[in-house]
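Enquirer: Got a structure here, written out as structure tokens. Questions coming.
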Amino acid sequence: MFCNSQMAAFAKSSQLHAQRDNPLLPSPTSTNCNLKAFTFTHNLHTLHPPLRKVKHVSVSSSAAATTSLSNHHSHDANSDISQLCLLGNLDRCMSYLDSMHQLRILVEDDTYVALVRLCEWKGARKEGSRVYSYVSMSRTLLSLQLGNALLSMFVRFGNLVDAWYVFGRMEKRNLFSWNVLIGGYAKAGFFDEALDLYHRMLWVGERPDVYTFPCVLRTCGGMPNLMRGREIHVHVVRNGFESDVDVLNALITMYVKCGDVSTARLVFEKMSNRDRISWNAMISGYFENGECLQGLRLFVMMIEYPVDPDLMTMISVITACELLGDERLGREIHGYVLRMGFGRDPSVQNSLIQMYSSVGHIQEAETVFSRTEYRDVVSWTAMISGYENCLMPQKALETYKIMEAEGVMPNEITIATALSACSGICKLDMGTDLHEAAKQTGLISHPIVGMKVTKLKPKPNVSSIKQHINLKETQQLQGHFIKTSFKWSFRLPFAALEYYSSNAAIQSFLITSYIKNNCPADAAKMYAYMRRTDTEVDNFIIPSVLKACSLIPSILLGQELHGFVVKNGFHGDVFVCNALIMMYSEAGSLASARLLFDKIENKDIVSWSTMIRSYDRSGLFNEALNLFRDMLVMGVRPSEIAMISITHVLAKLADLKTGKAMHGYVIRNVKYGKSGVSLSTSLIDMYVKCGNLAYAIRLFDGLSEASIISWTTMIAGYIHCNNLNEGVRLFVKMLDEGMFPNDISILSLVKECGTVGALELGKWLHAFTLRSGFTMSLVLATAFIDMYGKCGDARIARSVFSSFKGKDFMMWSAMISAYAQNNCINEAFDIFIQMTSCGIRPNEITMVSLLRICAKAGSLEMGKWIHSYIDKQGIKEDMILKTSLVNMYAKCGDIDAAHRLFDAVMDRDILMWNAMISGFAMHGHGEAALKLFEKMEALMVVPNDITFIGALYACSHSGLLHEGRRLFHKMVHEFGVVPKVEHYGCMVDLLGRAGMLDEAKKLIENMPMKPNMVVFGSLLSACKLHKNLKLGEWIAEQFLSLEHHKSGYNVLMSNIYASESRWGDVAHIRRGMKDEGIVKVAGVSSIEVNGSLHEFIMGDRDHPDAEKIYEMIGEMREKLEDVGYTPDVSCVLMNMDNEEKETALNYHSEKLAMAYGLISTAPGVPIRIVKNLRICDDCHNATKLLSKIYGREIIVRDRNRFHHFQEGYCSCCDYW
């Protein structure tokens, strides 16, 4: 009897369902969905009234109503469940099914079939069993369709007992029924039962097909049973499948697994059409059976045939070199791998690591490992095993700790190898910890007795490993499977892997394998082939294909997959949704990723972690932090890896307050109140990046056992905080305690030296690396080049670069970047030309470096050439590259081109907006910058602190005092951005230029942080502009407590005294500068002509065209005098007579550059000049007149902004 409360609950569930639409499906109001939505909603409403009425009747009348309902609404209820199945809503389906059975409404076969299929692709074992129990209660015999659906589900779940009972209760069976059950028994390792089923199938007259034979043949190979295999071979011929490539490939595999290589070769030779799988099966068959030379000869024949080898071929051949122990052959194969373009593939690199370590060349193995970009558990295990095999257990354990710190989960082979290393050097504590961790994760079930630990070796044909494996174990051991038999040729130690026999299964496995081997494009092609051939694509395959889309990346293919997911009802699968989020994030569409994330009803920890990681990798740290807070509010408990991720975000944000709160959360929530070494190390790094070195030291000192990663993080922390002496002291202490740094440690420290510009420490680390016998890998050498470039020593960077012959793309890019950072534009382009001549194709990162150097030098012609090169070469223009182009055009003086590029970009990020606003600001277009800011607000783009710096800078250089004040107020009170010293510097500059010096001084005195030199420098410049000597002297006093050795501020103060003719004070400052060794920065102006950059200093006569330049200077002076120009001698702040001052003004560097531009370019061509200092008043006035005299647009970029001179006017309106 259906009680009132149950009926009410059912009615409520139905109402809720009618009101809620699936977020991933089109809206029911759309044209295509109107009819379906109306019918479905109508069915639900017709089902509701009787259920609500039952609450008001007696028990007897309730029974009558129920019977009436069963007769009247049976079809509608079945239809409703079918619709829910299409939507993928399993929970509601099960609720409806329970209610229908309690109301005794007949459930149709089609409804059960839909439910069973939904349970299968959702992996819902419990719900599947419930459906089957209802089927068993209502039916004695099963129809063909329902029976096949149940068979498929139970075989997928590995429940062969229920699958057998279903098979026995089926009224009729077809070939699909037999194939599914045979495949199920074979997959589970029940080979005798699988063959018995095959013979029963023949006995009842069912003829096998191309899906039957591969499965049965692999069963024979798995037993192995050569006699049965030959019998099946006869059946293949008898049934006319002797020409089918897939069946013949399975025959070859069966024979080599049974040890009959000669017969396998006969089958191979008789094949009229061999595919690459055929060659791989035969080659690896030779290797498996110890006939490596025969296999290598066949490999040579394959190349000559010609058939291009693939990843599987190369992995098998590398394994053969390992088995032969032939180092020379291994090196030759390594060279061939590189020439064929497989050198960057992780599985090939893993095999090379294993091969080199097995022949005792551990250094070569380390080199391959250091070049591996995508290190999975197999890569780390191969390296750890290599150290262990080469009797280097300490190195093995250090590598294991690094792997743990990087968040890679070990498998049972990794832990077994690490345990063996522990036993080798009597590391009882670590061995016990490893064993406990293995027991908790289910990797090792046997206990440790005393100090006896079984040493497991990761060899290909280990017969002792269990045959029955689940999905998780399959994933963990996939590396072993790839290494030994990527194409079903090696005898596998896991019988369940024999399941990969049908085309669909092989293709599905290939998708995963290609991705594992870093060939996402091939995975995408395999998916396209599956779609073309109508092969089933289920929810297990889709995440793999989406991962391929992420790696390519291809948002178009990803969007097509998203449509396929919705169309086929997979949108309710959280794993599929997580893969979609990752795909959109990697493809650069974070908005789509977040939209999808918000629509997932049942988010798991992976959903949250994926979205947080996506924000983190995209530099949207505030968004990542807000999402982490939402996760905690929703009651989702973060894992240790999630906490490490968010700690990294806080380190990037330098948010000490939240960082402390995070530390408290860790203490409260991690078991026993102690975090692991990895999380503690992450917290140390966070405190360092937040500037709280004391907390970092306290955490480090509290570690019971500091790993090499912990030591490295703490040393890097000292360097980061510019406490170099303490960093060196701790480094020496680490060596004294027997902890020797590895390549990764040195790499981290070198990068930190580059970040803070610690050149001497960087040189010391370089010398230590060479003295200590480190193999200078490409990665480490690239880091040194980058460090020297950032520290301003391009000469040593070039020396390291030149010492390597086999340079990779990253090393070329680092050298270009080093020259770019040191303003060596010609050298950077020379390296770029050499790089392309060597056949190395640049990417968007290279282009960004070149654009950056063009922007610094103001080289518009070279910048345009790079833009053209990007278009011609088809280099992908990601958002960073587009932003760099906008920035280059803005800084090279072509603000219109920058704006056109900006308008052409649709999905702009905050960096793009910032670049355009800053571009308008430096060109003095303050109103345009503010309009762009308002447009950004209207589009709901949240400005950050950089946005406000650009906008305030625009106000400052356009005299927009009121707008600047309003903007500063909005920043603090509406957007909650905490003002930084840069924001105060902009406000001081704004007030100072407007002549409000007292208010600017008051603002400085009330700043919540200590003002820096930029703030004081802005006010000092205003004092010079407005001739406020008293305030200037006050600022000069402040310099003494800051950076008194800076020449710019001493010169500025000297100029203030000179403008007041206080030559004694000028002499005092100049004498002090000389005593302190302070050298005044010389004014340098540069001009680009025909792609070459020409630099001039005041009175420069070293230029090859100096004579013509000075003739033009004379002409310019005469023409200026003709229009009434009088030199402004007040700009010459030296104690000399006016005639000498006038002469000095004529030869300022910008006038020399201008003269060269006039004699070197055609009439009407704009002249573009870049000066490192502020343009003086006299040059500014003269240039206005010269622009009209010669009919030229003259664009000058000085230290502060751009000046566009045209027809006697300047864009700055004399406000600069």
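The values are calculated or read from the model by the stated rules, or taken from the named source; none is laboratory data. Remember, it's a predicted structure, so these values are computed and weren't measured experimentally. Ideal geometry is used to build each Cβ from the backbone, glycine not excepted, and the neighbour counts take in all protein chains shown.
Enquirer: Among the residues of region 908-924, write down those that are surrounded by fewer than 22 Cβ atoms within 10 Å (Cβ to Cβ) and either free of Cβ contacts under 8 Å to residues at least 24 places away in the same chain or outside any helix (DSSP H, G or I) (or both).
Expert: ARG908, ASP909
Enquirer: Among the residues of region 600-618, which ones are in contact with a helix residue (DSSP H, G or I) (Cβ under 8 Å, 6 or more places away or on another chain) and either in a loop (DSSP other than H, G, I, E, B) or closer than 16 Å to PHE570 by Cβ (or both)?
Expert: Within region 600-618, ILE600, ASN602, LYS603, ASP604, SER607, SER618 qualify.
Enquirer: For region 840-863, state whether one or more residues are out of contact with any helix residue (DSSP H, G or I) (no Cβ under 6 Å at 6 or more places or on another chain) and modelled with pLDDT of 90 or more.
Expert: no
Enquirer: Related question: Look at region 394-416 and say how many of its residues are under 19 Å from ILE744 (Cβ atoms), part of a helix (DSSP H, G or I) and of a type outside the set (Asp, Glu).
Expert: 11
Enquirer: Under 7 Å by Cβ, and 6 or more places apart or on different chains, what pairs join a residue from region 547-559 that is within 19 Å of LEU595 (Cα to Cα) with one that is charged (D, E, K, R)?
Expert: Between residues of region 547-559 that are within 19 Å of LEU595 (Cα to Cα) and residues that are charged (D, E, K, R), the close pairs are SER550/GLU586.
Enquirer: Additional query: Within region 619-650, how many residues are within 18 Å of the chain's Cα centre (by Cα), surrounded by fewer than 17 Cβ atoms within 10 Å (Cβ to Cβ) and assigned to a loop (DSSP other than H, G, I, E, B)?
Expert: 1
Enquirer: If a residue has to be surrounded by fewer than 23 Cβ atoms within 10 Å (Cβ to Cβ) and in contact with a Ser or Thr (Cβ under 7 Å, 6 or more places away or on another chain) to count, how many in region 149-166 make the cut?
Expert: Number of matching residues: 0.
Enquirer: Further, regarding this structure: Quick one: in region 586-599, which of the residues that are free of Cβ contacts under 8 Å to residues at least 60 places away in the same chain, in a helix (DSSP H, G or I) and among the small types (Gly, Ala, Ser) is surrounded by the most Cβ atoms within 10 Å (Cβ to Cβ)?
Expert: The selected residue is ALA593.
Enquirer: Pairs, please: C-beta under 6 Å, at least 6 apart or cross-chain, first residue surrounded by 22 or more Cβ atoms within 10 Å (Cβ to Cβ) and in region 1178-1194, second of a type in the set (Gly, Ala, Ser) and assigned to a helix (DSSP H, G or I)?
Expert: ILE1194/SER1187
Enquirer: It is to be established whether one or more residues within region 710-726 are outside the structural domain of ILE667 (by TED's automatic domain parsing), surrounded by 19 or more Cβ atoms within 10 Å (Cβ to Cβ) and among the aromatic types (Phe, Trp, Tyr).
Expert: Yes, because at least one residue in region 710-726 is outside the structural domain of ILE667 (by TED's automatic domain parsing), surrounded by 19 or more Cβ atoms within 10 Å (Cβ to Cβ) and among the aromatic types (Phe, Trp, Tyr).
Enquirer: So GLY985 fits all but one of (1) closer than 17 Å to ALA921 by Cβ; (2) exposed (fewer than 14 other Cβ atoms within 10 Å of the Cβ); what number is the exception?
Expert: (2) is the only condition that GLY985 fails.
Enquirer: Output yes when any residue across region 150-164 is touching a helix residue (DSSP H, G or I) at 6+ places or on another chain (Cβ under 7 Å) and farther than 29 Å from ILE541 by Cα, and no when none is.
Expert: no
Enquirer: Is region 799-807 home to any residue that is surrounded by fewer than 18 Cβ atoms within 10 Å (Cβ to Cβ) and part of a helix (DSSP H, G or I)?
Expert: Yes, that holds for at least one residue.
Enquirer: Here is a further query. Within region 902-915, track down each residue that is within 26 Å of the chain's Cα centre (by Cα) and of a type outside the set (Gly, Ala, Ser).
Expert: If the condition is that a residue be within 26 Å of the chain's Cα centre (by Cα) and of a type outside the set (Gly, Ala, Ser), then PHE902, VAL905, MET906, ASP907, ARG908, ASP909, ILE910, LEU911, MET912, TRP913, ASN914 are the ones that fit.
Enquirer: Would it be correct to say that THR712 is within 23 Å of PHE628 (Cβ to Cβ), part of a helix (DSSP H, G or I) and of a type outside the set (A, V, I, L, M, F, W, C)?
Expert: So THR712 fails the test.
Enquirer: Please work out which residue is modelled with the lowest pLDDT, limiting yourself to region 1172-1216 and to residues that are assigned to a loop (DSSP other than H, G, I, E, B) and among the hydrophobic types (A, V, I, L, M, F, W, C).
Expert: TRP1216
Enquirer: Here's a follow-up. With a cut-off of at least 1 residues that are surrounded by fewer than 22 Cβ atoms within 10 Å (Cβ to Cβ) and hydrophobic (A, V, I, L, M, F, W, C), name the helices (runs of 4 or more DSSP H) lying wholly within region 208-294.
Expert: 226-238, 245-257, 261-270
Enquirer: Can you list the helices (runs of 4 or more DSSP H) lying wholly within region 725-791 that have 1 or more residues being within 16 Å of ILE402 (Cβ to Cβ) and touching a residue at least 24 places away in the same chain (Cβ under 8 Å)?
Expert: 743-756, 778-790
Enquirer: Is it the case, given these coordinates, that ARG92 is out of contact with any strand residue (DSSP E or B) (no Cβ under 6 Å at 6 or more places or on another chain), at pLDDT below 85, in a helix (DSSP H, G or I) and among the basic types (Lys, Arg)?
Expert: Taking the combined requirement at face value, the residue does not satisfy it.
Enquirer: Just for helices (runs of 4 or more DSSP H) wholly inside region 463-579: which have at least 2 residues that are β-branched (Val, Ile, Thr) and at pLDDT below 75?
Expert: 478-485, 503-516
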